[in-house]
1. With respect to the numbered conditions (1) out of contact with any Ser or Thr (no Cβ under 8 Å at 6 or more places or on another chain); (2) open to solvent by 30 Å² or more (accessible area, probe 1.4 Å); (3) within 16 Å of ligand 2 (Cβ to nearest atom); (4) at pLDDT 95 or above, which one is the sole condition not fulfilled by residue A:318?
2. Taking residue A:147 and the conditions (1) more than 8 Å from chain B (Cβ to nearest Cβ); (2) assigned to a helix (DSSP H, G or I); (3) free of Cβ contacts under 8 Å to residues at least 60 places away in the same chain; (4) among the hydrophobic types (A, V, I, L, M, F, W, C), which numbered condition does it fall short on, given that it satisfies the others?
3. Of all residues in region A:98-138, which are in contact with a strand residue (DSSP E or B) (Cβ under 8 Å, 6 or more places away or on another chain), within 11 Å of chain B (Cβ to nearest Cβ) and open to solvent by 10 Å² or more (accessible area, probe 1.4 Å)?
4. If I ask for residues that are in contact (Cβ under 8 Å) with a residue 24 or more places away in the chain and over 15 Å from residue B:318 (Cβ atoms), which ones from region B:127-140 would you list?
5. Tell me which strands (runs of 3 or more DSSP E) are completely within region B:120-223 and hold 3 or more residues being out of contact with any strand residue (DSSP E or B) (no Cβ under 6 Å at 6 or more places or on another chain), or say none if there are none.
6. Kindly list the number of the only condition in (1) outside any helix (DSSP H, G or I); (2) within 12 Å of chain B (Cβ to nearest Cβ); (3) open to solvent by 10 Å² or more (accessible area, probe 1.4 Å) that fails for residue A:173.
7. Output the number of residues of region A:14-70 satisfying the condition of being within 16 Å of ligand 1 (Cβ to nearest atom) and of a type in the set (A, V, I, L, M).
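The values are calculated or read from the model by the stated rules, or taken from the named source; none is laboratory data. Since the model is a prediction, treat every value here as computed from it, not as a measurement. With ideal geometry, Cβ positions are generated from the backbone for all residues, glycine too; neighbour counts draw on all protein chains shown. Note: accessible area is taken over every heavy atom of the protein model, side chains too, but ligands, DNA and RNA are not part of it. Shrake-Rupley method; radii C 1.70, N 1.55, O 1.52, S 1.80 Å.
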Amino acid sequence: MKQKEAQGEGNILFVGIDLGTSRSSISASNNTREWIESYVGWPKDFISLQVVGKPVLFGAEALKNRLSLDLCRPLEHGVIKEGIEKSEEAVKEIIKHLIELAKPQPEQKIYAVVGVPADTLKVNKLAIRKAVSEFAHSLMVVSEPFAVAYGMNLLNNSLVIDIGAGTTDLCIMHGTIPSEEDQKTILTAGDYIDEQLYSYLTEKYPNSKFNKNMVRQFKEQYSFVREISEDIRVEIPVDGKPVMHDIKNEVKRACESILPALVETTTEMIARFDPEFQVKIKNNIVLAGGGSLIRGLREYLQNALKEYGPCNVTCVEDPLFSGSNGALKLAQDMPAKYWEPL
Amino acid sequence: MLFMIPKKRELKVRKAILRGVYEDNLRIIGKNPVILAGRAPVFFKKMFLFFSITLLSILVNGNYLKLPLFPEKQTTASLITQRPSSLPAEKPVKPSDYAAFLGGKEMPLSRMFGLEVKTIMIDPGHGGSDSGTTGTMGTKEKDITLDIAKKLRERLRKYGRYNILITREQDTTLPLNQRVELARSSRADLFISIHLNYLPSKPINIIETYYFGPSADDKTLRLAEQENAGSHYGLSDFKEIIGKIGETLKLQESKEFAASIQKNLFLNSKKQNANVYNFGVKRAPFIVLLGVDVPAVLAEVSCLSNREEEIELNTESHRENIARYLEAGILDYLNKGEVSYEAKRSSGRR
Ligand SMILES: Nc1ncnc2c1ncn2[C@@H]1O[C@H](COP(=O)(O)OP(=O)(O)OP(=O)(O)O)[C@@H](O)[C@H]1O
Ligand SMILES: [Mg+2]
Ligand SMILES: [Zn+2]
């Protein structure tokens with residue numbers, strides 16, 4: 001897989017992009033790795049433009065200035081959505097920004113592989129191609145869990161479970177490019193946990209003031225399923241004064257709310273295969289995406305699936321970049337003749 | 001050597017996968033890498049249904065059509081094209097634009113009887129292992145219908161007045177009888193099934209809307225055969241159909257509902273794309289319309305065999321537009337005969 005040397009690697013920058021609901025990342029052949037939160041904001045009016053000082057803001061910075069901005073999270077629920085032209089524009093801005101972050105040389109050609117949630121791919125592949133094509137010389141789009149699997153060399157008899165924000169994507173690899181039946185998307189993922197946690201906390205502490213963002217931070221800091229020994233207590237303002245709140249039980253319930261669908265879908269997908277392959281697949285299950293960081297999840301899943309024979313579940317090392325790294329590997333391995341100029 | 005063998009195999013696998021990615025992407029942009037697998041696997045099952053439906057149509061055409069309820073002449077292009085460009089540019093067509101077309105002031109029966117529509121069930125056609133039709137670039141009917149259905153749901157929810165349900169939320173297989181069952185058990189008051197057409201022989205884009213009824217038209221029967229595939233109904237079930245057709249209130253309502261949908265879809269789509277044809281409101285024995293006891297229509301909102309249209313369907317804005325036209329069609333039907341409707345709508349809209 002070294003054809004690319006022939007065409008002079010120096011002139012080409014290979015990039016792998018993971019376009020996510022909540023976070024998007026880029027990995028490039030010049031070794032840059034960057035990520036942003038998938039928020040795009042445009043100043044609402046002239047005054048806001050003066051305040052924020054730029055025509056477009058991203059990620060954390062956009063969130064911080066959200067009162068002055070038209071904020072857009074273009075891939076919510078895994079599909080380009082809302083405001084339509086606005087979200088297509090936002091996808092474009094994210095891509096442009098990510099590619100800038102990868103710092104290509106001025107004369108360098110950009111060959112990109114873009115991983116998107118499997119559901120997005122179904123109805124938005126052309127839109128995504130359109131959004132990327134302005135900033136790349138050649139490009140391919142693939143489904144996100146497939147990119148993860150490829151990057152980890154899990155080409156055969158494996159199952160990747162990518163627990164993101166908008167969706168949980170499952171993908172079984174058996175030596176070919178996964179067909180539609182090999183991929184499944186469920187809508188219970190990080191955002192869903194946030195919603196659950198938010199409503200549990202509102203119920204338990206009706207007088208305390210929290211918002212969705214705080215709740216997500218609590219989750220990201222303390223998420224777990226089953227048991228942990230430590231207490232979980234956080235500061236939340238009540239009538240303007242910070243007060244400690246015990247949220248352990250709520251965090252647990254919210255995180256566990258995604259388990260039933262997860263176990264059911266996993267079992268269902270594996271069951272389609274011959275027993276011989278089932279065994280192999282079950283020893284090769286990989287959790288990816290931000291949701292894989294939930295403490296105890298790996299063990300829970302491994303146990304739940306053990307019922308029908310041995311099983312091995314692992315987590316990717318770097319959930320933030322496993323998608324873009326996989327996409328980059330795809331880009332670098334792709335034979336030169338497959339890269340068509342746009 | 002022992003070490004080399006798996007290595008070699010892995011290389012081969014890898015090569016195949018990379019080629020697969022490449023071909024997939026070619027397909028996305030509409031270049032055909034290789035001949036795709038044929039589309040005739042469920043032939044026999046379909047044949048059976050086709051015969052059943054044909055038989056039904058013969059059976060029914062004999063006695064039932066004597067009723068004056070359905071003039072055999074369908075609403076077609078001629079009337080609509082008389083007033084093509086007098087339409088406002090931005091907003092969906094107003095009810096008044098085709099009030100004459102609809103036959104004037106008559107009120108929906110549901111309103112006459114004081115029935116109120118509370119629950120609307122949206123049915124995205126196909127799903128899961130049943131892809132529906134597939135365009136040359138690989139766009140699947142089931143994905144587009146699901147997306148449009150969800151967009152329509154969001155739009156209707158904004159009114160706060162209706163309970164909006166959807167038969168499937170995800171890409172799951174859902175047999176037709178279960179869809180019917182869902183509509184019944186959730187006591188839906190209105191039912192709309194969303195589909196895409198496919199005309200292999202003509203590369204044109206058409207829009208048509210159906211309500212349940214017998215049809216003698218070959219093309220319609222073939223379409224019904226396509227859309228009914230995957231149902232578990234057999235010949236004996238069709239006997240019941242004939243009995244059910246007696247529910248004329250439902251049928252008359254469905255026909256009005258279909259007319260409203262068709263008009264909004266067509267007139268508005270025409271503004272975006274002059275090359276769309278109006279195939280009008282028709283009757284067809286779609287199973288999904290049959291079992292539902294309330295006004296029910298099946299809209300073929302677009303056509304996947306048309307290349308330009310397939311590309312358009314892959315854009316968010318086009319799907320949103322279709323949802324918008326359906327929304328207008330539903331509201332027009334619901335608000336027909338209500339004087340204050342237009343004012344209401346312009347204030348309800350951004
Ligand atoms: N430690 C953690 N515990 C639980 N959840 C976490 C943790 N860290 C991040 N997350 C959640 O993971 C999600 C983000 O994961 P990821 O970046 O994989 O999603 P994404 O790729 O943007 O989404 P999608 O794949 O659905 O498009 C968010 O919901 C985030 O809150
Ligand atoms: Mg992701
Ligand atoms: Zn259909």
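1. Unmet for residue A:318, out of (1) out of contact with any Ser or Thr (no Cβ under 8 Å at 6 or more places or on another chain); (2) open to solvent by 30 Å² or more (accessible area, probe 1.4 Å); (3) within 16 Å of ligand 2 (Cβ to nearest atom); (4) at pLDDT 95 or above: (4).
2. Of everything listed in (1) more than 8 Å from chain B (Cβ to nearest Cβ); (2) assigned to a helix (DSSP H, G or I); (3) free of Cβ contacts under 8 Å to residues at least 60 places away in the same chain; (4) among the hydrophobic types (A, V, I, L, M, F, W, C), residue A:147 misses just condition (3).
3. The answer is A:118, A:119, A:121, A:122, A:125, A:129, A:133.
4. B:127, B:128, B:129, B:130, B:132, B:133, B:134, B:136, B:138
5. none
6. (3)
7. 8
Residues are listed down the side, and each one gets a yes or a no for (1) among the hydrophobic types (A, V, I, L, M, F, W, C); (2) within 16 Å of ligand 1 (Cβ to nearest atom); (3) in a helix (DSSP H, G or I):
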| position | (1), (2), (3) |
| --- | --- |
| A:96 | no, no, yes |
| A:128 | yes, yes, yes |
| A:169 | no, yes, no |
| A:185 | no, yes, no |
| A:188 | no, yes, no |
| A:201 | yes, yes, yes |
| A:206 | no, no, no |
